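First comes the structure, then the notes that go with it.
Derivation of every value follows stated rules applied to the coordinates shown; laboratory data play no part. As the structure is a prediction and not an experimental result, all values here were calculated from the model. Counting neighbours? That spans all protein chains shown, and the Cβs are built from the backbone with ideal geometry, glycine included.
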Amino acid sequence: MNLFDTHFHLDLYPDPRAVVQEAERTQTYVVAVTNTPSVFQATQQLINSSRFVRPALGLHPELAVERHRELPLFQQLLAQTRYVGEVGLDFVSSDKQERLLQERVFAQILEWSHQAGSKILTIHSRRAEKEVVAAIGAEFKGTAILHWYSGSLAVVEQALANGLYFSINPAMTRSKRFADLLRLIPADRLLTETDGPFVQIGQRAAAPADVAQVVAALAASWQKTPTEVRQLLFTNLRRLLIEPG
Ligand SMILES: [Zn+2]
C-alpha cells in the first residue's frame, strides 16, 4: 500500500524536481502545499505530469498581511486543483488588526472552497485551534485536515464532531502529547504528513517517504504491523478522495 504525505512544501527545496522523481520512484503520494497563490503556477510546472505529486493552492496565515491582495488570484486559480493549503490562522501574533485580516482571508477561502465543493484543505491552526474549528463549522462541503495540530484536547473533540481529519508528522510522534492525541482521535480520521522542510529528520529536511516514521509510531502504539497501518491509512485517503465530503 502506498505511503502518502498530505502536507509538504515542495517549492522550498533546493532541487524540487529531484524530490518529485523520488516520490515517483517510491510511489509516495504528495500534496505539495504552497504559501501564496503566486507560487502555485510555478509549483504546477515543477510537478508537471507526476502521477504521485499534486499541487495545492494556498495563502499562509503568516503571509496574510503581506499577500492578501492575491486573494483574487486565489479565486481565479481554485478551479485548477482539488487541493487547498497551506491556509488557516496563526495567532502567535497578538496584533488585533493582523488577526482580523487573517480571519477575513481564511473565511473567504473557506467560502469559495465550500461553494466549489469536494476540495481537500490542509490547515494551519497554531494558537488559533478553536477559531479555526469554529470557522470551518459542521456544514463544510469538502474535507478539512488539521495539519500539525498542537491545541487542546477539548478542541480535538469539537473538530471530530465536525468531521475533520488530522495529519500526523514525524515531529508530532516524538512529542509528549502524541499518546493523548491517539487516544482521542479514531484511526479512520488520521492521515500522514511531513511538513518538510520544517520537520527535520536528524540533520536533513524531511522527505515525503519519511511518513514511514509516522506509520512505525502508529504501528507500535496500536500493536499492529506497519503493513496493516499503511493499509488502514490508505483506506482513509481513498475515502476522502472518493467522497465529496
Ligand atoms: Zn506547512
Residues whose placed amide H lies under 5 Å from that of Glu193, excluding near-sequence neighbours: Thr6, Ile168, Asn169
Cα-based Rg then Dmax for the range 26-74, in Å, read 12.1, 38
With springs only between Cα atoms under 10 Å, which of Leu71, Leu100, Leu57 fluctuates most in a Gaussian network model of the chain? Leu100
With θ set to phi - 60° and the Karplus curve 6.51 cos²θ - 1.76 cosθ + 1.60, what are the ³J(HN,Hα) couplings of the range 186-198 in order, to the nearest whole Hz, using x for Gly and Pro? x, 4, 7, 10, 9, 9, 10, 8, 10, 6, x, x, 6
Under 5 Å between amide H atoms, partner at least 5 residues away or on a different chain: which partners does Thr143 have, H built in plane at 1.01 Å? Lys119, Ile120, Leu121
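Scanning the chain for helices, which whole DSSP H stretches are 20 Å or more long along the axis (Cα) and average -1.0 or more by Kyte-Doolittle? Don't skip to the end; give the middle numbers.
Values: long enough: 96-116 (30 Å, -0.75); 226-242 (24 Å, 0.21).
Span-like helices in the chain: 96-116, 226-242.
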Can you list the lysines whose alpha carbon is less than 20 Å from that of Lys96, not counting same-chain residues fewer than 8 positions off? Lys130
Expressed in angstrom and rounded, the centroid-to-centroid distance over alpha carbons for the range 26-87 and the range 172-225 is 24
Trypsin sites (Lys or Arg not before Pro), loop per DSSP, at most 16 other Cβ atoms within 10 Å - longest free stretch of the chain: 52-126
